[in-house]
Amino acid sequence: TLLAGSRLLKGYRGGHVVIRFALGGCTNRPFFRIVAAHSKRARDGKYLEQLGCLDPLPNVYGEKVAGLNLERLRYWLGCGAQLSRPAEKLLGLAGFLPLHPMTVTGAERLRRRRAASSAPSVGPEKG
Amino acid sequence: PVWGPRLVPARGRKTRYAPPAKSKASRLKVPPPVDPEELLVVTERYRQHRLVLGALRAEFRAEVLQKRREALLPQEGSAELMEEHQRLMAWNDEENARQRARREERLRKEEEERNRQKLQAAESRASMMEAMLKEKEKEILQLQEEAKSFITPENLEARIEECLDNPQNYNFAIDKEGRIVRRTVLS
């Protein structure tokens, strides 16, 4: 029976719904669950609904696998849920949301760094 | 590393309130360097990203509200009610468009009228200014003509001699028809 002062019924002041990653798994083997929860809950604590999962380690084929429940995602976003930055980036890469600016910027910086590191190595070879 | 140890500095043995070490006395904390053009580009990208995100959220919100309304509706005859509602909304939109067209027409006509009035006022003002200028010119010319017959210190002696030589007699009577009578003595 759930009483008014029961430990299971936690009431918060303020806070909002967030869609973020909850870390699980074992040592040296992380695993994320994409979860809709109150912002004041613990990262791995009680959540409202699980909307997907993400395996950050690449598999035998070199792919990083993620699963998303787009229907419920739309529902929660329509109810006014916020997104954490890695969740935004993941959804941008998935195509559900527009690409995050920092994804593009990071890719540009990487490309520039690679060009800079390969050009001086090519230069002294020729010269 | 793809999945390496945490790259965030974690407090090891020292508490937050412990003083920093002597070897770190000359340490100068500098913020990471920022490329201004990259910053501009990134700010613009963020602005557009947030715009799109806001629009998507509005879309999803509308969907959720629609579903809730649909769930709340009475089940029997709901299809006809929805259809009628949509028909009426379409008719309302048409009416609004028609009224807007009429209103815009009226506003356009008023604008034209106002412009015409302004032009007319400007023209009348210009013509009035011209008339005034002409009047002033005429007056100046008239004054110049009259100035030839003024008495100046040089003419003074000559004019006095002239007046004394030709005495003017103002003794005359005049009746309503304008006939003048110069006879002053009855006989």
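Any read-out appearing in this document is the output of simple, stated calculations on the displayed coordinates, not a laboratory observation. Everything quoted here is computed from the prediction, not taken from an experiment. With ideal geometry, Cβ positions are generated from the backbone for all residues, glycine too; neighbour counts draw on all protein chains shown.
Annotation: amide H-H contacts under 5 Å for A:LEU51 (H modelled 1.01 Å from N, sequence separation of 5 or more, or interchain): A:ILE34, A:VAL35, A:ALA36.
Comparing A:PHE31, A:VAL17, B:PRO167 along the charge dipole axis of the protein assembly as shown, the residue lying farthest to the positive side is A:PHE31, per the Cβ-charge model. Shielding value for B:91-104 is 0, the average number of Cβ atoms from other chains within 10 Å of each residue's Cβ.
With the convex hull drawn over the C-alpha atoms of segment B:42-108, the volume per residue is 117 Å³.
Taking amide H atoms as placed 1.01 Å from N in the peptide plane, the amide H of A:LEU83 lies under 5 Å from those of A:ILE19, each 5 or more residues away in sequence or on another chain.
Each Lys and Arg Cβ is given +1 and each Asp and Glu Cβ -1; about its Cα centre, the protein assembly as shown then shows a dipole of about 4380 debye. Look at the dipole of segment A:17-117 built from charges on Cβ: of A:LEU99, A:TYR47, A:VAL65, the Cα furthest out on the positive end belongs to A:LEU99.
Each Lys and Arg Cβ is given +1 and each Asp and Glu Cβ -1; about its Cα centre, segment B:23-112 then shows a dipole of about 860 debye. Considering only A:ALA37, A:ALA107, A:ALA116, the mean-square fluctuation computed in a Gaussian network model of chain A, springs between alpha carbons under 10 angstrom, is largest for A:ALA116. The 3J(HN,Hα) values that the Karplus relation (6.51, -1.76, 1.60; θ = phi - 60°) gives for segment B:171-179 are, in residue order, 7, 8, 10, 9, 9, 5, 7, x, 7 Hz. Gly and Pro appear as x. Measuring nothing but how far apart in sequence close Cα pairs (under 8 Å, 6+ apart) lie, relative to its length, segment A:17-117 scores a relative contact order of 22 percent.
Legend: mean number of C-beta atoms from other chains within 10 angstrom of residue C-beta atoms, peptide B:48-55, equals 3. For the residue pairs A:LYS10/A:LYS46; A:LYS46/A:LYS89; A:LYS10/A:LYS40, the C-alpha atoms sit more than 18 angstrom apart in A:LYS46/A:LYS89. Using just the helices of chain A, give the 222 nm mean residue ellipticity in deg cm²/dmol: DSSP H runs with n ≥ 4 each add -39,500 (n - 2.57), and the total is spread over all residues, rounded to 500. The helix contribution divided over chain A gives -11500 deg cm²/dmol. Considering only B:ASN155, B:ASN115, B:ASN92, the mean-square fluctuation computed in a Gaussian network model of chain B, springs between alpha carbons under 10 angstrom, is largest for B:ASN155. Net charge dipole, chain B: roughly 2920 debye, given to the nearest 20, about the Cα centre with Cβ charges of +1 for Lys and Arg and -1 for Asp and Glu.
Each helix, a run of at least 4 DSSP H residues, gives -39500 (n - 2.57); summed and divided by the residues of chain B, these come to -23000 deg cm²/dmol at 222 nm.
Give the lysines whose C-alpha is closer than 27 Å to that of B:LYS29, dropping any in the same chain fewer than 8 places away, or say none. Leaving aside lysines fewer than 8 places away in the same chain, those within reach of B:LYS29 are B:LYS14. When chain B is treated as a GNM with alpha-carbon contacts under 10 Å, the residue of B:SER78, B:SER149, B:SER127 showing the greatest mean-square fluctuation is B:SER149. Between B:LEU143 and B:GLU113, residue separation times 0.36 nm minus the direct Cα-Cα distance comes to 6.4 nm.
Listed by number, the DSSP H helices of chain B that run 24 Å or longer by alpha-carbon position along their axis and have mean Kyte hydropathy of at least -0.5 are B:36-72. With the highest mean first, a sort of the peptides B:169-179, A:44-54 on other beta-carbon atoms found within 10 angstrom per residue produces A:44-54, B:169-179.
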